[in-house]
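Chemist: My questions will all concern the structure given below.
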Amino acid sequence: MKKGLTILLILLMVLGISTFAFAAKKIGVAMPTQSLQRWNQDGANMKAQLEAEGYIVDLQYANNNVATQVSQIENMILGGCDILVIASIDGSSLGTVLKIAKEEGIPVIAYDRLIMETDAVSYYATFDNYMVGTIQGTYIKDVLNLDSRTADDPVYMEFFGGSPDDNNARYFFGGAWDVIKPYIDKGVVVVPSGQTEFEQIATLEWDSARAQARMDNLIAAHYSAGQRLDAVLCSNDSTALGVTNSLSGAGFDKNNFPYITGQDCDIANTKNIIAGYQSMSIFKDTRTLAAQVVKMIKAISEGKEPEINNTTDYHNGVKIVPTYLCEPVFADINNYKELLIDSGYYTPEQLGL
Ligand code: BGC
């Protein structure tokens, strides 16, 4: 009898310990908005991949509202999340809530966008933001043959950047600018609006309507008498969409449509690439980024160091955040099938094919 009780007790202890050891970890995933296609994919990929690994997921979207995102993160902390993954809306507005996370010992991974001005962010995973810009700039340099032109035969170009509260936006513009600037200095590239400072070309919230309104103004001021516009360097697809709508509305057509860059390979923009109204978009396979972040989460859960490949470039104002950079590539009319359809990212039907 006594022996039986002892065995029962041991059994209960073992069961208790193993339940504790294997208790599913809960991961809070805070995404900025559902209004842009990419974040829906990021969220869905994160949730699916984490659940496949046995994690419990609290996925929230904040409608691009900073206060909403802060309260969602507070609730994740109160709700017992063990690790937080955050794609911030305003990278500098999370210091207070993340102080609580730090006090609770909750590791924080900045997803795609760096979280600024806090020591509570543990890791950062993103696509190489500066490289995104250099690929866009190089694309324009190549298609317009900037190397073989002179100031007697310049090209005309405008710039559209991202949201000033998103730390990525300056990296994207910086990368593109570093490629194009030497040609501006030589007079080979002319920017008729004269707007080349980040503050002048930025687009709050990456909003298509704002980009469209600015392009409308530029057309009215500089291109309404049939002047040539050869390229519009847009940092991403939502800004490219606004610019394309504006140009189409103003009567630009296939005969004089400028080269337009983008980023994300959103469906609407990929359709524009196929139709000849956008030249390229950066392809950042959200499955790859999600997989990398899930790997980080697994390592942290097992008490190991996550894989990182950059320890120099991403200073958030308080510290250098250990980072994993994925490599972006560009899609255009020549390779979109292979990149986007053959890889299973989109079905032909989604692209109207
Ligand atoms: C992302 C881009 C995206 C933009 C707008 C950036 O932080 O890196 O992929 O286009 O936000 O959502």
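Chemist: Take the stretch 298-353 and flag every residue that is touching a residue at least 24 places away in the same chain (Cβ under 8 Å) and of a type in the set (Lys, Arg).
Modeler: Lys298, Lys319
Chemist: Quick one: Thr286 ticks every box in (1) touching an Asp or Glu at 6+ places or on another chain (Cβ under 9 Å); (2) modelled with pLDDT of 95 or more bar one, so which box is it?
Modeler: Of everything listed in (1) touching an Asp or Glu at 6+ places or on another chain (Cβ under 9 Å); (2) modelled with pLDDT of 95 or more, Thr286 misses just condition (2).
Chemist: Now a separate question. Are there any pairs with C-beta distances below 6 angstrom linking a residue in the stretch 242-266 that is touching a residue at least 40 places away in the same chain (Cβ under 8 Å) and under 21 Å from Phe330 (Cβ atoms) to a residue that is among the basic types (Lys, Arg) and within 16 Å of the ligand (Cβ to nearest atom), with the two at least 6 apart or on different chains, and if so which?
Modeler: Pairs that qualify, where the first residue is touching a residue at least 40 places away in the same chain (Cβ under 8 Å) and under 21 Å from Phe330 (Cβ atoms) and the partner is among the basic types (Lys, Arg) and within 16 Å of the ligand (Cβ to nearest atom), are Asp264/Arg38.
Chemist: Can I ask one more? Looking at the stretch 168-202 only, could you name the residues that are within 16 Å of the ligand (Cβ to nearest atom) and of a type in the set (Phe, Trp, Tyr)?
Modeler: Residues satisfying the conditions are Tyr171, Phe172, Phe173, Phe198.
Chemist: Another one. Mind checking whether some residue in the stretch 211-225 is touching a strand residue (DSSP E or B) at 6+ places or on another chain (Cβ under 9 Å) and in a loop (DSSP other than H, G, I, E, B)?
Modeler: No, there is no match, as no residue in the stretch 211-225 is touching a strand residue (DSSP E or B) at 6+ places or on another chain (Cβ under 9 Å) and in a loop (DSSP other than H, G, I, E, B).
Chemist: Out of the residues in the stretch 129-156 that are in a loop (DSSP other than H, G, I, E, B) and open to solvent by less than 30 Å² (accessible area, probe 1.4 Å), which is nearest to the ligand (Cβ to nearest atom)?
Modeler: Within the stretch 129-156, the match that is nearest to the ligand (Cβ to nearest atom) is Leu144.
Chemist: Counting only residues that are open to solvent by 30 Å² or more (accessible area, probe 1.4 Å) and assigned to a helix (DSSP H, G or I), how many does the stretch 273-290 have?
Modeler: 4
Chemist: Scan the stretch 231-257 for residues that are surrounded by fewer than 23 Cβ atoms within 10 Å (Cβ to Cβ) and in a loop (DSSP other than H, G, I, E, B) and jot them down.
Modeler: Result: Ala250, Gly251, Phe252, Asp253, Lys254, Asn255, Asn256, Phe257.
Chemist: Return a yes/no flag: does the stretch 203-226 have any residue that is among the polar types (S, T, N, Q), within 15 Å of the ligand (Cβ to nearest atom) and out of contact with any Leu (no Cβ under 7 Å at 6 or more places or on another chain).
Modeler: Yes, some residue in the stretch 203-226 is among the polar types (S, T, N, Q), within 15 Å of the ligand (Cβ to nearest atom) and out of contact with any Leu (no Cβ under 7 Å at 6 or more places or on another chain).
Chemist: Consider Phe252 against the criteria (1) more than 15 Å from the ligand (Cβ to nearest atom); (2) among the hydrophobic types (A, V, I, L, M, F, W, C); (3) within 19 Å of the chain's Cα centre (by Cα): it satisfies all of them except one. Which criterion is unmet?
Modeler: (3)
Chemist: Could you grab me the full set of residues in the stretch 25-81 that are part of a helix (DSSP H, G or I), open to solvent by 30 Å² or more (accessible area, probe 1.4 Å) and of a type in the set (Asp, Glu)?
Modeler: Glu51, Glu74
Chemist: Consider only pairs whose beta carbons are under 9 Å apart and that are at least six residues apart or on different chains; among these, list those whose first residue lies in the stretch 161-189 and is open to solvent by 40 Å² or more (accessible area, probe 1.4 Å) and whose second residue is among the charged types (D, E, K, R) and within 14 Å of the ligand (Cβ to nearest atom).
Modeler: From residues that are open to solvent by 40 Å² or more (accessible area, probe 1.4 Å), the pairs are Pro164/Arg170; Asp165/Asp90; Asp165/Glu205; Tyr171/Asp128.
Chemist: Separate question: On the given criteria, is Thr270 closer than 18 Å to Trp206 by Cβ, more than 12 Å from the ligand (Cβ to nearest atom) and within 20 Å of the chain's Cα centre (by Cα)?
Modeler: Judged against the criteria, Thr270 is a match.
Chemist: Would a scan of the stretch 96-108 turn up a residue that is surrounded by fewer than 18 Cβ atoms within 10 Å (Cβ to Cβ), hydroxyl-bearing (Ser, Thr, Tyr), farther than 22 Å from Ser301 by Cβ and within 16 Å of the ligand (Cβ to nearest atom)?
Modeler: No, the stretch 96-108 contains no residue that is surrounded by fewer than 18 Cβ atoms within 10 Å (Cβ to Cβ), hydroxyl-bearing (Ser, Thr, Tyr), farther than 22 Å from Ser301 by Cβ and within 16 Å of the ligand (Cβ to nearest atom).
Chemist: Could you tell me whether any residue of the stretch 258-268 is assigned to a helix (DSSP H, G or I) and of a type in the set (A, V, I, L, M, F, W, C)?
Modeler: Checked the stretch 258-268: at least one residue is assigned to a helix (DSSP H, G or I) and of a type in the set (A, V, I, L, M, F, W, C).
The values are calculated or read from the model by the stated rules, or taken from the named source; none is laboratory data. Small disclaimer: the values here were computed from a predicted structure and weren't measured. We place every Cβ from the backbone using ideal geometry, glycine too, and count neighbours over all the protein chains shown. Side chains are part of the model used for accessible areas, which takes the heavy atoms of the whole protein and leaves out ligands, DNA and RNA. Shrake-Rupley method; radii C 1.70, N 1.55, O 1.52, S 1.80 Å.
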